[in-house]
Amino acid sequence: MEKFKTLTATAIPLDIENVDTDQIIPARFLKATNREGFGENAFRDWRFQKDGTVNTEFVLNQPQYAGPILVAGDNFGCGSSREHAAWALTDYGFKVIVSSFFADIFKGNALNNGLLPVQVTPEFLKELMTAIKANPPTKITVDLVAQTIGIEGSDHVEPFEIDAYKKTCMINGYDDIDYLLSKKDTIEHFEKTLI
Amino acid sequence: MGKTLFDKVWDAHVVDTIKDGPQILYIDKHLIHEVTSPQAFKELEERNIPVFRPDQIVATADHNTPTLNQHLPIKDELSRKQLEQLSENCKKNNITLYELGHKYNGIVHVMAPELGITQPGMTIVCGDSHTSTHGAFGTIAFGIGTSQVAQVFASQCLLLTKPKSLRVTVNGKLKNGVLPKDVILYIISKIGTNSGTGYFCEYAGDVFENMSMEGRMTVCNMSIEMGARGGMIAPDETTFEYVKGREFAPKGDEFDKKVAYWKTLSTDADATFDKEYFFDAADIEPMLTYGTNPGMGIKISESIPETNDASFEKALDYMNFKKGETLIGKPINYVFIGSCTNSRIEDFRIAADYIKGKQKAANVTAWLVPGSKQVEAQIIEEGLKTIFDEAGFELRQPGCSACLAMNDDKIPQGEYCVSTSNRNFEGRQGQGARTILASPLMAAATAVEGKIIDITKQLQHQVNHEYTAV
């Protein structure tokens, strides 16, 4: 897993609530047996019309917006447990998703793939959306070590929460398998005590 | 302070606790399928890690499988490869697989309970968010991502932070025509799609106590649609009776010993929850969804709300519905009875009971997809297939089918489908398809009438005909 400490970059405002994992990666693209290449079909049915032409109204297709930070509406990642959603987003080039609320399974999947979910207050989310829409080149700084997110040209620095263990994993690029394997003896001992 | 059902099962499975961090939770049963497992197998192989407890893993093929001509080679190359990969991975790692055509093949959340693999007090995971289904037995069961599938392969454990507790209590008597699906759609319409996020839910009250296991599975199945990782119902005589005698259930003295333990799992009277909701069964009616998430549901007697909000309007625009209108009378061309929510024998009994002596409307394409080979066999054995055939319905072969339309069972662009599945997301049942979630009774009635009807009015005229949440 890639390490993550801080990131200063432009962001894309996806001002839609309840973005579910079927939108992030539709089920018909889940037939691959590896993790790569899902970015091509990220938000497929929003990026393209049914006839295959580009949907110019969709924010990812608007040339003024670019960057590895996706700023999305409330309850991002609800629905299916498919980790393909996290793979699609990282493969597309995103490193951070900002929202006022994340669905549980998506959040875990993102963290397991070096994609940082940053949960902010609805007020700050609104401020962020407004700032990016008003001036798309606005830079956003996400500092995982300090657990803060800030908007260029604003003194307002917003703190965010993250599980301490997951933070360490992200900063060092560790994953849970390494940790669990180191606990093999404890697990085997526990198995003998099971009812 | 007393413990909840969830606390009791969770605490019995904690291997260790990381200081200021998550806990190591032991997993009793790991269910896998073709879509979310291949990358996990690959990861283990690349890191040269063996599968730790293959005996505790059971695999099935369901998401991608065709529901017609299952004896023939699968036409779609990618689907075929994914299924072949599953077979190869299971063989290589000594994992039991009920592949396409096997007498136990079926949707993972239908297959495991009916084989007695699912038992009270267990921890069960699967790379599928509807794993919450198994909570009907008083198990901690939840969906996981593929990285976690790999973790369980490697260690039979997961690193997790204990979720908060939520209880939804529904007391009273359900009206005629109100089924378990209506109960859960009603709950989600009231509390929304994210009020359960971060929580594990317990369903309590006499409505759930009086439900069959099939009904309880329908309810727990949709826990994830309110954001909760899982939902549980305390095991009782109904549960024990269901588990008893099933293929992989404990037998004889072992079974009695287990039952004695399972009886201790109910939430203590003095236990407290982080959040509680209470509902009255009498308030619930047959439900329908009108939008693009399962929380956008109304009672059959209600009209679409007049909410002014961009996401709400985007959803109505997708569905081509207007604020303030009723769904009654809307012509419907597609009906799907199936999915891990409603594809068990009881669902088909209800549908057959309604359909018997009637005819499917000419405009409707109606797909009936059993949840497993065993359900399919039972449909035939009980004579339900004859009823469906005579009424012009098509009984297909088991699988996830049009719930997520990974196979050929897709609803065409712009068409409405009254569906017994669990998600009405944009494009879920096919690109541009418009899903209306409902109970098997509402779905059967829609197929017969060719449009949405007020089933409660129809039932008023029928004497001695009860459709209840059994």
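Quick look at the numbers
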quantity	calculated
Residues of type lysines that B:LYS314 reaches as a straight line, Cα spacing below 16 Å, ignoring anything fewer than 8 places off in the same chain	B:LYS322, B:LYS323
Magnitude of the charge dipole, region B:5-278, Cβ model with Lys/Arg +1 and Asp/Glu -1, debye to 20	220
Computed label-point distance, nm, for sites B:ASN320 and B:ASN171 using a 7 Å Cα→Cβ extension	4.7
Spatially near lysine pairs across region B:210-298, Cα under 22 Å, sequence gap of 8 or more or different chains	4
Net dipole in debye of region B:384-470 [+1 Lys, Arg Cβ; -1 Asp, Glu Cβ; about Cα centre; nearest 20]	220
Dipole axis of region B:5-278 (+1 Lys, Arg; -1 Asp, Glu on Cβ), positive-most option in B:ASN194, B:MET213, B:LEU5	B:ASN194
Positive-end residue of A:ILE149, A:GLN62, A:GLN49, charge dipole of region A:6-162 with Cβ unit charges	A:GLN49
Environment charge of B:SER419, counting only residues whose C-beta is closer than 12 Å and scoring Lys/Arg +1, Asp/Glu -1	+2
Computed [θ] at 222 nm, deg cm²/dmol, chain B (DSSP H ≥ 4; -39,500 (n - 2.57); rounded to nearest 500)	-8500 deg cm²/dmol
Under the Karplus curve 6.51 cos²θ - 1.76 cosθ + 1.60, θ = phi - 60°, whole-Hz ³J(HN,Hα) for region B:223-240, x wherever Gly or Pro sits	3, 5, 6, 9, x, 6, 5, x, x, 10, 10, 4, x, 9, 4, 4, 5, 4
For region A:6-162, radius of gyration divided by Kirkwood radius, i.e. Rg to Rh on alpha-carbons	0.95
Rounded FRET efficiency, nearest 0.05, which uses the C-beta distance separating B:THR96 from A:THR141 and R0 of 41 Å	0.20
Lysine pairs in region A:6-162 with Cα atoms under 21 Å, if 8 or more residues apart or on separate chains	7
Radius of gyration, Dmax [the protein assembly as shown; alpha carbons; angstrom]	23.8, 72
Pairwise Cα inverse-distance average, inverted: Kirkwood Rh of chain B (Å)	22.5
Percent accessible area from carbon and sulfur atoms, chain B, protein chains only, probe 1.4 Å	47
Region B:287-465 shape via C-alpha gyration tensor axes, a/c threshold 1.5	oblate
Mean accessible surface per residue for chain B, computed with a 1.4 Å probe while every protein chain stays in place, in Å²	34
Of A:LYS3/B:LYS42; B:LYS175/B:LYS356; B:LYS358/B:LYS457; B:LYS356/B:LYS385; A:LYS192/B:LYS164, those spanning more than 19 Å from alpha-carbon to alpha-carbon	A:LYS3/B:LYS42; B:LYS175/B:LYS356; A:LYS192/B:LYS164
Inter-label distance for B:SER301 and B:VAL14, nm, one decimal - labels placed 7 Å from Cα along Cα-to-Cβ	4.7
Compactness relative to 2.2 N^0.38 Å, alpha carbon Rg of region B:24-139	1.07
Charged-residue dipole, Cβ positions (Lys, Arg, Asp, Glu), chain B about Cα centre, Debye nearest 20	360
Sum of -39500 (n - 2.57) over DSSP H runs of 4+, divided by residues of chain A (222 nm, nearest 500)	-8500 deg cm²/dmol
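The values are calculated or read from the model by the stated rules, or taken from the named source; none is laboratory data. Nothing here was measured: the structure is a model prediction, and the numbers come from that model. Cβ coordinates were reconstructed from backbone atoms using ideal geometry, including for glycine residues, and neighbour counts include every protein chain displayed. With ligands, DNA and RNA removed, areas are computed over all heavy atoms of the protein, side chains included. Shrake-Rupley method; radii C 1.70, N 1.55, O 1.52, S 1.80 Å.
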